[in-house]
1. Which links in Lys167/Lys229; Lys122/Lys157; Lys43/Lys454 stretch past 26 Å when you go from one Cα to the other?
2. I'd like the distance separating the alpha-carbon centroids of region 372-426 and region 472-503, in whole Å.
3. If you take the beta carbon distance between Lys410 and Arg27 as r and set R0 to 51 Å, what does 1/(1 + (r/R0)^6) give as a FRET efficiency, to the nearest 0.05?
4. Restricting to the chain, what percent of DSSP beta bridges are antiparallel, rounded to 5?
5. Taking the Cβ of Ala463 as the center, what net charge do the other residues with Cβ under 9 Å away carry, scoring Lys and Arg +1 and Asp and Glu -1?
6. Distance from the Cα centre of region 38-80 to that of region 98-135, in angstrom?
7. For the Cα atoms of the chain, what angle does the longest principal axis make with the long axis of helix 310-319, in degrees from 0 to 90, nearest 10?
8. Which residues' amide hydrogens lie under 5 Å from the amide hydrogen of Asp153, considering only partners 5 or more residues apart or on another chain, with H built in the peptide plane?
Amino acid sequence: MNAWIAAALVVAWSLSAMAQEGPKPTRSQDEMKELRKKAAHRKRRIIFNNDGNEPVYYAKAATAEALLECRTSALAGSQVDSIFYCTWSSGFGMFTHNTKVGETFTAKTGHFSKNLTEEFFKQGLDPLQIVVDWCRKNSVEVFWSMRMNDTHDVDVKAYPEMFPQFKRDHPEFLVGAQDKPTKHGRWTSVNYECPEVRERAFQVIQEVCERYDVDGIEMDFFRHLTFFKSVAMGQPIRQEELGMMTDLIRRVRKMTEEVSLRRGKPLLVAVRVPDSVGYCREVGLDIERWLQDGLVDLMAVTCYFRLNPWEESVKLGHKYGVPVYPCLSESRVNPDPSKLRASPESYRARAMNAWHDGADGIYLFNFFNPRSPLWRELGDPQALEKLDKVCFVGVRDAKMMGYYFNGGGKFSTIPRLSPVNPRSLKPGEKQSVALTIADNVHWGKAEGVTPELKLRLLVQKLAKAEDLSVAINGKPLTNGALAGDWLEFPLPPDLVVKGQNRFELALSQEAKEPVVVQDLLVRVRYRKG
């Protein structure tokens, strides 16, 4: 028998034995399903995904207080109802919690000289347990999040510490090799076609469910979206591969149900996936089947790219009774001449759009400042509507859509316009673009609050402001003026509708050359008096 499989079976048997020694079930399966359904639909104004690298880079001492001070303590009393804590998850199987199944990331060389993970363990402390304890004390729900195929280890020469021993011992489990790169994704991705890979993923998840008092586990498939060697090499996904991943999800669900019965309270299953059923299937994730079969309790959508209006994912999840949480990741539009995509005003507009489309809450990823006012703003759409905003057509770029397989862009239905996705207009040509403004901009009329709106377009090669005319929802705008490369218009509030607004851009026939529109944004400000 393969030595690794033999060892895995021993660990699995040990965990099973430990579980059997625990308390006996006090609730029936039907009772637990009802409790699970109730827990799945609890209020989650904001979900904070913490990637768990505080002990590696930021903690100033190996103490609970120092760890929590980095990203957690200041969240007390905020709108963060749930923390999804990742414990690093680098390279598929390296963690900053005290795992006996995976590998602990204790390297202190090179880039990781400040890593205090081993010091935490020597003090009898576990970063995951510290966060769980804080969440219990502060009545915050806590999930453990696993990145299902993290490939931050791809630069093996620069960061050899991040390349797990599991991959060194079993190069046959990878979709490629350093000297044999893949057509799509990264060669360090593990191949879920291998039963040993699926077994390891299951055991790591099972161990956390057995050993930690978490409310649920999240399988984060967006980090990263390569799961099968066939797809990485440019071949279409096969039905049997879809079935392999579904069987793993089904096995995780069964295990969490068993753990729930033993401990007397539900253990939820969350996933983070692309916001398209078709895109998910192309990479091996049969998300609608998972929802249809009741394998998932919560669904978060998007990360590197967004494909569809939020309402499409909301409709999908709600069809099967599953709450949906749009993920607001950091902007990767570079360059961003507006300097506003990462601003609080931009996050407010994005969150407001998600609430407008029926979201059950807001999920924040790669946003770590616990003292930002956004943690006390984004989770309340009624209060959020009254705050200043900046609305963009596109906050994230679209270049990653085709990174994981050919033709990923075919699943995209939302407009693209940004400095990395510009539009070109020829003399006499017209183009239109949709922009969502989810505020009722007249909310403060009775209170003497006046909305002030300005449209800004980043335009290259525009000689005169008069050469580019703009209309909103069929009504022409006037008084446009050039300020450097920006064409600015005052935007009458009465022309704006709550929801999607259509801007029509027309370049005069008399213009001497084509112009390039690189950006379109609307600033919304509210002033008393």
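Values quoted throughout were computed directly from the atomic coordinates according to the rules given, and no laboratory measurement underlies them. Every value quoted in this text rests on a predicted model; they were computed, and no experiment measured them. So basically every Cβ, Gly included, is an ideal-geometry build from the backbone, and we count neighbours across all protein chains shown.
1. Values: Lys167/Lys229 15 Å; Lys122/Lys157 29 Å; Lys43/Lys454 35 Å.
In this structure, Lys122/Lys157; Lys43/Lys454 exceed 26 Å between Cα atoms.
2. 19 Å
3. Numbers: r = 47 Å, r/R0 = 0.91.
According to the calculation, E is roughly 0.65.
4. Working: 46 of 81 bridges.
In the chain, DSSP labels about 55 percent of beta bridges as antiparallel.
5. Values: positive: Lys461, Lys464, Lys512; negative: Asp467, Glu513.
Spelling it out: positives minus negatives among the neighbours equals +1.
6. Between the Cα centres of region 38-80 and region 98-135 lies a distance of 15 Å.
7. With both axes taken from Cα atoms, the answer is about 40 degrees.
8. Those lying under 5 Å, H to H, from Asp153 are Gly91.
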